[in-house]
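Next up is a structure, given as structure tokens.
The values are calculated or read from the model by the stated rules, or taken from the named source; none is laboratory data. It should be emphasised that the depicted structure is a prediction, and the values quoted were computed from it without experimental measurement. Positions of Cβ are generated from backbone atoms using ideal geometry, with glycine treated the same way; all protein chains shown enter the neighbour counts.
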């Protein structure tokens with residue numbers, strides 16, 4: 001029986017929790033694992049326990065208290081920024097959304113968007129304003145530092161999807177289509193050269209979840225952050241895709257970073273399903 005490459009992601013990353021956003025930028029990239037159709041049912045116990053309350057801050061978050069606060073702060077500030085600017089210019093939004101956080105072109109575009117909207121870019125953590133906004137933009141809580149730029153990009157990806165594909169629903173027939181899988185794989189091979197090993201493992205796992213639960217993934221991106229519906233969808237996605245986490249019994253994720261990865265994967269599965277290069281119209 002053929003097995004999905006994405007389905008065999010080691011569960012230790014999820015059990016240990018998602019690495020801090022800054023950690024996704026600090027290592028040499030790996031050779032990307034291609035997307036493959038998921039396998040059929042196999043014998044074994046696939047039950048996953050996803051504990052926590054139905055809110056944006058589950059009790060089983062893998063981050064320490066200061067890290068959880070830093071992640072929540074970065075997420076809140078990034079969403080406030082995107083709401084304030086309304087929409088980024090298409091010519092800058094496309095490299096941000098369709099590139100990778102470690103790609104210089106993506107970083108330069110993000111820097112320009114923030115630099116031209118500094119009145120909307122608020123930071124309440126007391127960190128001095130950086131000279132360059134495309135790389136990290138640190139949020140510091142106690143001794144814990146989180147790179148906000150990852151969250152800024154994630155909020156822009158989500159805004160782009162909901163703006164330019166507001167009624168599109170990604171279906172299993174899309175993510176299991178061989179041609180769509182080939183297109184997704186080709187695009188990720190190009191972007192994958194920028195991924196660190198940790199970033200690669202987590203993105204593959206979340207891309208696998210979107211492949212197996214595309215409708216719930218889209219609904220999560222359209223759910224209001226921090227409310228019960230978002231948390232319920234997140235828990236359902238994780239619990240219904242055990243092969244993506246190596247059949248882990250307990251899965252711990254930071255909800256804000258999980259949503260960032262989910263938005264990235266949903267956007268690129270949508271491109272593959274529609275067989276288009278971008279959702280963003282010309283500027």
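Is there any pair with a first residue in region 214-238 that is at positive phi and without any contact (Cβ under 8 Å) to a residue 40 or more places away in the chain and a second that is part of a helix (DSSP H, G or I) and surrounded by fewer than 17 Cβ atoms within 10 Å (Cβ to Cβ) whose Cβ atoms are under 9 Å apart and which are 6 or more apart or on different chains, and what are they?
From residues that are at positive phi and without any contact (Cβ under 8 Å) to a residue 40 or more places away in the chain, there are no pairs.
Pairs only if they're at least six apart or on different chains, beta carbon under 8 angstrom, first in region 97-117 and at negative phi and touching a residue at least 60 places away in the same chain (Cβ under 8 Å), second in a helix (DSSP H, G or I) and surrounded by fewer than 17 Cβ atoms within 10 Å (Cβ to Cβ); list them, first residue then second.
If the second residue must be in a helix (DSSP H, G or I) and surrounded by fewer than 17 Cβ atoms within 10 Å (Cβ to Cβ), the pairs left are 99/105.
OK, next. Report the residue count in region 183-202 for those that are modelled with pLDDT of 95 or more and under 15 Å from the mean Cα position of the chain (by Cα).
0
Now a separate question. Output the qualifying pairs, or none if there are none: Cβ atoms under 8 angstrom, residues six or more apart or on different chains, first residue in region 259-283 and at positive phi, second residue part of a helix (DSSP H, G or I) and surrounded by 16 or more Cβ atoms within 10 Å (Cβ to Cβ).
Short answer, once both residue conditions are applied: 275/180; 275/183.
Look at region 79-90 and say how many of its residues are in a helix (DSSP H, G or I) and more than 13 Å from residue 119 (Cα to Cα). Step through it out loud before you land on a result.
First pass over region 79-90, keeping only residues in a helix (DSSP H, G or I): 79-85, 90.
Keeping just the survivors that are more than 13 Å from residue 119 (Cα to Cα) gives 79, 90.
Within region 79-90, residues that are in a helix (DSSP H, G or I) and more than 13 Å from residue 119 (Cα to Cα) number 2.
Now for a different question. Suppose we filter region 111-141 for residues that are modelled with pLDDT under 90 and part of a loop (DSSP other than H, G, I, E, B); how many remain?
10
Has region 268-280 got any residue that is under 17 Å from the mean Cα position of the chain (by Cα), surrounded by 23 or more Cβ atoms within 10 Å (Cβ to Cβ) and closer than 29 Å to residue 64 by Cβ?
Looking through region 268-280, none of the residues is under 17 Å from the mean Cα position of the chain (by Cα), surrounded by 23 or more Cβ atoms within 10 Å (Cβ to Cβ) and closer than 29 Å to residue 64 by Cβ.
Next up: For region 162-182, how many residues are under 19 Å from the mean Cα position of the chain (by Cα), in a helix (DSSP H, G or I) and surrounded by fewer than 22 Cβ atoms within 10 Å (Cβ to Cβ)?
4
Can you tell me how many residues in region 183-198 are more than 16 Å from residue 97 (Cα to Cα) and assigned to a loop (DSSP other than H, G, I, E, B)?
1
Need the failing condition index for residue 155 against (1) within 25 Å of residue 100 (Cβ to Cβ); (2) modelled with pLDDT under 95; (3) within 17 Å of the chain's Cα centre (by Cα), just the number.
Among (1) within 25 Å of residue 100 (Cβ to Cβ); (2) modelled with pLDDT under 95; (3) within 17 Å of the chain's Cα centre (by Cα), residue 155 violates only (2).
Sticking with this one: Among residues belonging to region 52-72 that are in contact with a helix residue (DSSP H, G or I) (Cβ under 8 Å, 6 or more places away or on another chain) and under 20 Å from residue 145 (Cβ atoms), point out the one that is modelled with the lowest pLDDT.
Checking each candidate, the answer is 57.
Quick test for you: out of 219, 259, 232, pick the one residue that is surrounded by fewer than 22 Cβ atoms within 10 Å (Cβ to Cβ), within 15 Å of the chain's Cα centre (by Cα) and at pLDDT 95 or above.
Within the list 219, 259, 232, the selection yields 219.
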